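What follows is a single structure, written as structure tokens, with notes after it.
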Amino acid sequence: MSELYKLGIAEAREGLEKGDFTSEDIVRSVIGRYREKNADIGAYVTFDEEGALELARANLKAVPIAVKDLINVRGQPCTCGSKILEGYVSPYDATVISNMKANGFIPCGRVNMDEFAMGSSTENSALAVTRNPYDLTRVPGGSSGGSAAAVGGDMCIAALGTDTGGSIRQPASFCNCVGIKPSYGRVSRYGVTAFASSLDQVGPMTKSVRDSAILLKALAGHDRMDGTTPDEPVPDYERVIEGATMKGVKIGLPKEYFNVSGLDSEVKRITDEAVAKCVAAGAEIREVSLPHTEYAMAVYYIIAPAEASANLARFDGVRYGHRSDKSVDVYSLYTKSRAEGFGPEVKRRIIMGTYVLSSGYYDAYYGRAQKVRTLIKRDFDEVFRDVDVLLTPCAPTPAFKLGELQDPLTMYLNDLYTIPSALAGVCAASVPAGFTAGTNLPVGVQFICGGFEESRLLSVCKSFEEINS
Ligand code: GLN
């Protein structure tokens, strides 16, 4: 009973149904674990213990879920890992939060992230340091590093993350969790602080594939407050994955993802072994090509900062959060509040984004990047005519040391494998695959399916989880 924090969603639900324990028992257990571990791991930035207990008492059979600090939960702080939003309290629930509440989940604690989701290690958070639960000298990945550390360190039952260019999948790989980046439009972003609006998606980070299926079903669907969400029915993913098999699944291995100089030899070994296990379980393997892969990084670092520079214009010292007390007029109110409130990576992105959108450079950078993005998307359309799913490494290395990557470009390269599929808007997942020799660090593999093919994606992940256990 005291170790309820170890449960996943499916087990928690079963116990709640049987009456073995209540939602309040789970929340108390998570709080106990939080008090014991947060000083070391730093997964949470705030934890409204009373609020969580109150929700649990009102929803006896609800499963508590940790929430990334950029998703609005009414009455709770929403700081996005930034000083500029210090003291901001959300006036409303994001659609994913109301969907969760309507489907037997409650928000429980807020987890750390890179400032405005820009980063791959959570070191860009202005609020706290988050450590990898598998090795406290290493990063949890990012930007959903708090979510991954909370799941991987058994500090929650499951968590919500967001993924713009890899921020669910890469930390999931570093912290031994399952992470799903849904297709663009599958999940509403209403009430989720925008980073790059043509890429952002919310998704589950969980202890098992089944848990991701259950949580994704609760999150997904049409929302009139987010015009990118089509009125497509949401399959019962939990039922869909029952009896999933690798037999006859056509798996593509994109050759551009394997001949990469920065690919760590242990990650390569674990990925190769994952392929071998799929073959032994009856999958068919084909080498495929995504010829425009080499341009994805450049395209992303034009489009994402361009959109970020527009989205972050709203943080002006007037409407939200921090306001400089050194201003003398309205112009200096904006500039000083922003100069004091934003951290260095966010400023770098705003400057890059403003530059590529400025007149004279727009066509050369932003316009051209949009065209190349279309070519990248076509690569995926093309390849999914021949195969059901792609299998690739998720990140080029296992978790690196805190402070190890100082140069922004080296940090950006972490998302090599996750950015192309984000640009294409398809769905993708990271699933635990193994541990490195010697350092014993978790490594995930990535599966990628076509747009709105979450049923297929989750089935492949489920069957991989089974053959890999
Ligand atoms: N690491 C990438 C970036 O910094 C992706 C972040 C994300 O997916 N939110 O932009």
Identify all residues within the range 250-261 that are out of contact with any Lys or Arg (no Cβ under 9 Å at 6 or more places or on another chain) and modelled with pLDDT of 95 or more; write none if there are none.
Pro254, Lys255, Glu256, Tyr257
Cβ contacts < 8 Å: first residue in contact (Cβ under 8 Å) with a residue 12 or more places away in the chain, restricted to the range 457-469; second residue assigned to a helix (DSSP H, G or I) and surrounded by fewer than 18 Cβ atoms within 10 Å (Cβ to Cβ), any location; separation 6+ or different chain. Result?
Leu458/Val240; Ser459/Val240; Phe464/Lys277; Ile467/Lys277; Ile467/Ala280; Asn468/Lys277
Determine whether the range 243-254 contains at least one residue that is part of a helix (DSSP H, G or I) and hydroxyl-bearing (Ser, Thr, Tyr).
no
Look at Gly185 and say whether it is more than 30 Å from Glu294 (Cα to Cα), out of contact with any Lys or Arg (no Cβ under 9 Å at 6 or more places or on another chain) and more than 16 Å from the ligand (Cβ to nearest atom).
no
Does Ser173 satisfy the condition of being within 16 Å of the ligand (Cβ to nearest atom), assigned to a loop (DSSP other than H, G, I, E, B) and either in contact (Cβ under 8 Å) with a residue 60 or more places away in the chain or out of contact with any helix residue (DSSP H, G or I) (no Cβ under 7 Å at 6 or more places or on another chain) (or both)?
no
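Residues to consider are Val346, Val387, Val372; find the one that is in contact with a strand residue (DSSP E or B) (Cβ under 8 Å, 6 or more places away or on another chain) and hydrophobic (A, V, I, L, M, F, W, C). Even if it seems obvious, please write down each step before you answer.
On the way: Val346 fails: in contact with a strand residue (DSSP E or B) (Cβ under 8 Å, 6 or more places away or on another chain); Val372 fails: in contact with a strand residue (DSSP E or B) (Cβ under 8 Å, 6 or more places away or on another chain).
Residue meeting the stated conditions: Val387.
Just to be sure before I move on: is Thr79 surrounded by fewer than 19 Cβ atoms within 10 Å (Cβ to Cβ), among the polar types (S, T, N, Q), touching a Lys or Arg at 6+ places or on another chain (Cβ under 9 Å) and farther than 29 Å from Asp20 by Cα in the structure I sent? Walk me through it before giving the result.
Details: surrounded by fewer than 19 Cβ atoms within 10 Å (Cβ to Cβ): no; among the polar types (S, T, N, Q): yes; touching a Lys or Arg at 6+ places or on another chain (Cβ under 9 Å): yes; farther than 29 Å from Asp20 by Cα: yes.
Considered against the rule, which asks whether it is surrounded by fewer than 19 Cβ atoms within 10 Å (Cβ to Cβ), among the polar types (S, T, N, Q), touching a Lys or Arg at 6+ places or on another chain (Cβ under 9 Å) and farther than 29 Å from Asp20 by Cα, Thr79 comes out as no.
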Filtering helices (runs of 4 or more DSSP H) wholly in the range 350-454 for at least 3 residues that are surrounded by 24 or more Cβ atoms within 10 Å (Cβ to Cβ) gives 419-424
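Provide a single number: the residues in the range 200-239 that are more than 16 Å from the ligand (Cβ to nearest atom) and closer than 21 Å to Ala12 by Cβ.
Our first condition is that a residue be more than 16 Å from the ligand (Cβ to nearest atom); within the range 200-239, this holds for 206-239.
From what is left, the residues that are closer than 21 Å to Ala12 by Cβ are 206-220, 236-239.
Number of matching residues: 19.
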Of the residues in the range 455-469, those that are more than 20 Å from the chain's Cα centre (by Cα) and surrounded by 24 or more Cβ atoms within 10 Å (Cβ to Cβ) number 1
Determine if the range 288-302 includes at least one residue that is modelled with pLDDT of 95 or more, β-branched (Val, Ile, Thr) and over 28 Å from the mean Cα position of the chain (by Cα).
no
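The values are calculated or read from the model by the stated rules, or taken from the named source; none is laboratory data. Predicted model only: the values in this text are computed from it and were never measured. Virtual Cβ from ideal backbone geometry, glycine too; neighbours counted across all protein chains shown.
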